[in-house]
Structures are given as C-alpha cells and as structure tokens.
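Where a number appears in this text, it was derived from the coordinates with a stated rule and is not lab data. In this text the structure is predicted, and so the values were computed from the model without any measurement. All Cβ positions, glycine included, derive from the backbone under ideal geometry; neighbour counts span all protein chains shown.
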Amino acid sequence: EAGVVQSPRYKIIEKKQPVAFWCNPISGHNTLYWYLQNLGQGPELLIRYENEEAVDDSQLPKDRFSAERLKGVDSTLKIQPAELGDSAVYLCASSRSFTGELFFGEGSRLTVL
Amino acid sequence: KNEVEQSPQNLTAQEGEFITINCSYSVGISALHWLQQHPGGGIVSLFMLSSGKKKHGRLIATINIQEKHSSLHITASHPRDSAVYICAVSSNTGNQFYFGTGTSLTVIP
C-alpha cells in the first residue's frame, strides 16, 4: 500500500511569490490534514478535511493561505503571497477516520528568501 | 497552556540503556498516538492506543486513562533509535488533535 505522497519535497521561493503543495493521501482515507511544523516544534494543524469538506480551518491564515480537496481525494495547499515567516515544513497526513491511526507524508520543506 | 506535555524535552542515553519518555494530557481522549520523527525525515506512527499496553519489538507503550498519562519505553536502545518522539492525542470532544512538542532522543554508541 502506497503511503501519503507529497510534492514538492523542497521549495525555495522569494517573498511575495506564490507556492503550492500537493498531497495524495492513502487510498480509502477520508480524513486529510495539513500541518505546519517549525524546527524543534510539534506539528500545528492548518486544516482538516472529512472527504471534501473542510471541517476545521480555524488555524488557517485565510488572508494568504487556501486549500482545497476536490473529489475528496488529493489536496492542495496554496500560499499567496508567501512571507519570510512561512518558512517551515508543511506536512500532510491522512487517516481512515478522525479516530484512526495517522499516516504522514514526508513533508514539503519551504524556504522563503 | 499545552493540552499535551512531554518529558523529558531532551534525552541522551548510552547504547543498551532502557529509556522512558512520558506524556501527560489534560483533555478527554479517544486515542493517544506515539510518533517518531528522524532528523530531516517524515513522521511515522509507532502506536495508537486507548487503553492498556502495546508492544512492537523493543518498543512498549502504556496508557493510564484515569491518570491521563502515557509512557513510551525503549528496551536495549540503539543509535538508530535517535529521533524525536512525539505524543499526540485525539480528543473525544470537538474532534481536535493535540500534539506535544516532542522528546529529542540521542543514543550514543
């Protein structure tokens, strides 16, 4: 069974540029999460999807961040425009349901110059 | 206030030592997760438990629901166990996940 796939693994951009991250969860997993992880910190939730519905986006900075999960499978996370403070690892995770075991992707490391 | 507290924050051990990492939480939970993250690597789920004890090779996880406390034990530690170990809980109200800040473990040969 393939794991959670994220791309790109690394991205370097200048501030004010847009960036997008893509996540393909494990087949059959209804719940999808986007997390932000700063160095030495635990993951911080950005948004959680149940199928195609965003059920918790309270921590998503909606002025510059957006996400979508069309058809309840793949998801994209976009930042426009990026700021220096957005440099972090963006993690995608999925589970069969909210109470299920979490599976994480390798993450997308963003560096904003 | 953090809903999930881990201790210690950093831990250095000699190869072969028995290691314990502790996790306390303050919310009602449906499950507790122990996760492992190697430097520069992704996060791997080690255990998901809601009661009792689970064992995987040299790793043992226990949980005491009444005391809201869990421990992760590593027997006969090895340098490849060096990683950050993260405790996370899924709450039983509000559908929230809470993460600890992690315990950085270094096992010296």
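For the pair A:K78 and A:R109, a Förster radius of 25 Å applied to the C-beta separation gives a FRET efficiency near 0.90, rounded to the nearest 0.05. Under 16 Å of direct C-alpha separation, and excluding same-chain neighbours fewer than eight residues apart, A:K15 reaches these lysines: A:K78.
Scalar couplings 3J(HN,Hα) for the stretch B:57-62, obtained by applying the Karplus form with A = 6.51, B = -1.76, C = 1.60 to θ = phi - 60°, are x, 8, 9, 10, 10, 10 Hz; x denotes Gly and Pro. Legend: Rg and Dmax of the stretch A:1-75, from Cα coordinates, 13.0, 38 Å. Other residues with beta-carbon under 15 Å from the beta-carbon of A:N38 carry, at +1 per Lys or Arg and -1 per Asp or Glu, a net charge of -2. When every Cα-Cα distance of chain B is counted in 10 angstrom steps from zero, the calculated P(r) takes the values 16, 50, 29, 6, 0 percent. In this rough spin-label picture, where each label sits 7 Å from Cα along the Cβ direction, the A:N38-B:E3 distance is 2.0 nm. Could you compute the net charge surrounding A:T76? Neighbours are other residues with a C-beta less than 9 Å from the C-beta of A:T76; K and R count +1, D and E count -1. Surrounding charge for A:T76 is 0. Here B:L72, B:L49 are placed in order of increasing Cβ neighbour count within 10 Å, fewest first, which gives B:L49, B:L72.
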